[in-house]
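Asks: Would you mind keeping the following structure in view while I ask a few things?
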Amino acid sequence: MEKRSMKSAYAYLVPSTIIMTLMLGFPIVYNIIISFTEWTLKSSEKHFNGIDNYIKVLMDEKFIKILIITVLWTGINILLQMLIGIGLALFADHLTKGKKFMRVILLIPWIIPGTVTALTWKWMLQSDVGIVNYLLMHFNLTGQNILFLSDQNIALMTLILVHVWKAFPFWFLMITASLQNKPVDQIEAAVMDGARYPHILRYIILPHLSPIIASTGVLTTIWTLNYFDLIWLMTKGGPMDATSTLPIYTYRLAFEFNDFGRSAALAVISLIVVSLVCIPYVRKMFHNMKEEGVL
């Protein structure tokens, strides 16, 4: 009976699996095929050119700069999101009053559409009429307007902070949900033995949270690496490519420079980068699932 029920369960999964494979697999395969062709708007014909597109992308002087910017964008984003999300989740877990209110307020940035977030912050960070510069001048924190989005030295960090503001609630939500079934018995036993909170956090709570931290890390890494709308709407990759990440440059190659073959090659390279970055997270996630007996 058990084998029959398992077969029935897998049978129900077959239609959705086929649909998802076609929806995800076809664009990826088609993109890989295009990456080996020369295709621009000058001609509707596609000519096979081997790995020329990949060579052009890798030899482009902009590629290394954009790759470094992408790594900084992703790494700093994930680190800040994780620290803020986990910290606020642990703080909210200790509250006796106002816990539900805090959870609702902190989720607001996450549910706001990305376009609305980008345009609102772009207006707030304007150098001449933005409220951020007005407040900084009003409280004498600066003597002149700061070019948040026009200065190539601070534009990337500005976008990172805006994105962290929008994205950290997802970490907060996931960690808060995991804390609902934390090992209370172990915590109480540790308290009775005289253990302090830092030790309880390190040896009981964080090991309990490690599976959800790993899975959340995988998701947010993929999302952040491929993030497009906020960067494009606020800076379009400028100034001087200071905020240009791999997705932004891929888009520009296709729809500004009309080089679809090179854009497809860069998209394939981006896919490889995402896969390599996520391998440690995925291995950790499956390791935790095996320890818990899920697999």
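The values are calculated or read from the model by the stated rules, or taken from the named source; none is laboratory data. These numbers come from a predicted model, not from an experiment. Neighbour counts run over all protein chains shown; Cβ positions are idealised from the backbone, glycine included.
Asks: How do the pairs read when you match residues in the range 240-258 that are at positive phi with residues anywhere that are buried (at least 17 other Cβ atoms within 10 Å of the Cβ) and in a loop (DSSP other than H, G, I, E, B), using Cβ under 8 Å and keeping only pairs 6 or more apart or on different chains?
Replies: Final answer for the pair search is none.
Asks: Select from the range 207-218 the residues that are touching a helix residue (DSSP H, G or I) at 6+ places or on another chain (Cβ under 8 Å) and either in contact (Cβ under 8 Å) with a residue 40 or more places away in the chain or within 19 Å of Leu79 (Cα to Cα) (or both) and list them in ascending order.
Replies: Passing the criteria: Leu209, Ser210, Pro211, Ile212, Ile213, Ala214, Ser215, Thr216, Gly217, Val218.
Asks: Of (1) of a type in the set (Gly, Ala, Ser); (2) in a loop (DSSP other than H, G, I, E, B); (3) within 30 Å of Ile69 (Cβ to Cβ), Gly217 satisfies all except one. Which?
Replies: Status for Gly217: all satisfied but (2).
Asks: Identify the residue in the range 93-137 that is under 18 Å from the mean Cα position of the chain (by Cα) and outside any helix (DSSP H, G or I) and, among all such residues, is nearest to Ile187 (Cα to Cα).
Replies: Filtering first and then ranking leaves Ile112.
Asks: Against the condition within 21 Å of Leu80 (Cα to Cα), outside any helix (DSSP H, G or I) and of a type outside the set (Val, Ile, Thr), how does Phe148 come out, does it pass?
Replies: The answer is yes for Phe148.
Asks: Taking Leu79, is it in a helix (DSSP H, G or I), touching a helix residue (DSSP H, G or I) at 6+ places or on another chain (Cβ under 7 Å) and either among the aromatic types (Phe, Trp, Tyr) or within 28 Å of Pro211 (Cα to Cα) (or both)?
Replies: So Leu79 fails the test.
Asks: Go through (1) surrounded by 11 or more Cβ atoms within 10 Å (Cβ to Cβ); (2) in a helix (DSSP H, G or I) one by one and return the number of the condition Phe26 breaks.
Replies: Condition not satisfied by Phe26: (1).
Asks: Would you be able to tell me the number of residues in the range 115-158 that are crowded, with 18+ Cβ neighbours inside 10 Å, touching a helix residue (DSSP H, G or I) at 6+ places or on another chain (Cβ under 6 Å) and within 28 Å of Ala92 (Cβ to Cβ)?
Replies: Total meeting the criteria: 3.
Asks: Any residue at all in the range 88-96 that's on the phi < 0 side of the Ramachandran plot, without any contact (Cβ under 8 Å) to a residue 12 or more places away in the chain and of a type in the set (Val, Ile, Thr)?
Replies: The answer is yes; a qualifying residue exists.
Asks: Taking the criterion of being over 22 Å from Val218 (Cα atoms) and small (Gly, Ala, Ser), would at least one residue in the range 82-95 satisfy it?
Replies: yes
Asks: Please find, within the range 30-46, the residue that is modelled with the highest pLDDT out of those that are exposed (fewer than 10 other Cβ atoms within 10 Å of the Cβ) and not basic (Lys, Arg).
Replies: Glu45
Asks: Restrict the check to the range 177-192 and report whether at least one residue is of a type outside the set (S, T, N, Q), closer than 24 Å to Leu72 by Cα and out of contact with any strand residue (DSSP E or B) (no Cβ under 9 Å at 6 or more places or on another chain).
Replies: No, because not a single residue in the range 177-192 is of a type outside the set (S, T, N, Q), closer than 24 Å to Leu72 by Cα and out of contact with any strand residue (DSSP E or B) (no Cβ under 9 Å at 6 or more places or on another chain).
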